[in-house]
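Sharing a structure below in structure tokens format, with a few things to ask.
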């Protein structure tokens, strides 16, 4: 057997969302297969628990065929990368889920030795096209589930600082740097001023900043709009928005 070349492949991606949707287009009629559900939406492994469950559900009337792949997830220079890995495995990696059924996939970390710092992974759960949809347009889902491996049973904490930057084209962006020991999931980014209501800038999931990294998100409107503004966001699912401390632009 040849060497598995894809085991060393690195997949460059832009902003990772919770769910990616792929369209598979063929000729003829239209069929939609959007019945796949995945839970939970995030998994954490600790030294005391090196495995956890991912549940796949089929709420439709037809069988759903699913493939699962695990990737090491890193960030560098504002770019996110996925690299195929065996550090965390999905068992079984292929599933056929009957209508109305719910099936378990185990996510396992074979190496029980502690990690030096929080390690991050992504499980891509792909709904595969069904054979009877070859003559139509089929909407299939891709779920991207974060998996975090903690260095200890105590959860690491993010430490965030935000910088308002201006791109070469004049667009404004918010750079968020994480100097802490744990990841930060940002959601519902708003602009806050001394008086008046908050202004919603990026509703819903904004993205992640992994430990020791920085990520940028483009903001709507001209740069002058943000003079003297402060920013808040929900961090790691917290109910209340947290202020993002402002830092001077990096040189």
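Please enumerate the residues belonging to the range 83-98 that are in contact with a strand residue (DSSP E or B) (Cβ under 6 Å, 6 or more places away or on another chain) and not in a strand (DSSP E or B).
Across the range 83-98, the qualifying residues are 85, 88, 93.
For every residue, the table says whether it meets (1) modelled with pLDDT of 95 or more; (2) in a loop (DSSP other than H, G, I, E, B); (3) within 25 Å of residue 61 (Cβ to Cβ).
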{"position": "81", "(1), (2), (3)": "yes, no, no"}
{"position": "105", "(1), (2), (3)": "yes, no, yes"}
{"position": "115", "(1), (2), (3)": "no, yes, no"}
{"position": "125", "(1), (2), (3)": "yes, no, yes"}
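Further, regarding this structure: Just one of 98, 48, 119 is under 18 Å from residue 209 (Cβ atoms) and either exposed (fewer than 13 other Cβ atoms within 10 Å of the Cβ) or within 22 Å of the chain's Cα centre (by Cα) (or both); which is it?
Selected residue: 119, the only one of 98, 48, 119 that is under 18 Å from residue 209 (Cβ atoms) and either exposed (fewer than 13 other Cβ atoms within 10 Å of the Cβ) or within 22 Å of the chain's Cα centre (by Cα) (or both).
So that you can scan it fast, the table gives a plain yes or no per residue for (1) in a strand (DSSP E or B); (2) touching a residue at least 40 places away in the same chain (Cβ under 8 Å); (3) more than 27 Å from residue 148 (Cα to Cα):
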| residue | (1), (2), (3) |
| --- | --- |
| 203 | yes, no, no |
| 220 | no, no, yes |
| 233 | yes, yes, no |
| 237 | no, yes, no |
| 243 | yes, yes, no |
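Residue 170 versus (1) within 30 Å of residue 52 (Cβ to Cβ); (2) in contact (Cβ under 8 Å) with a residue 24 or more places away in the chain; (3) part of a loop (DSSP other than H, G, I, E, B): which is the lone unmet condition?
Condition (1) is where residue 170 drops out.
Residues in the range 205-217 that are farther than 14 Å from residue 162 by Cβ and in a strand (DSSP E or B): how many?
2
The values are calculated or read from the model by the stated rules, or taken from the named source; none is laboratory data. Computed from a prediction, not measured in an experiment: that's the story for all the values here. Cβ atoms come from the backbone with ideal geometry, glycine included; neighbour counts cover every protein chain shown.
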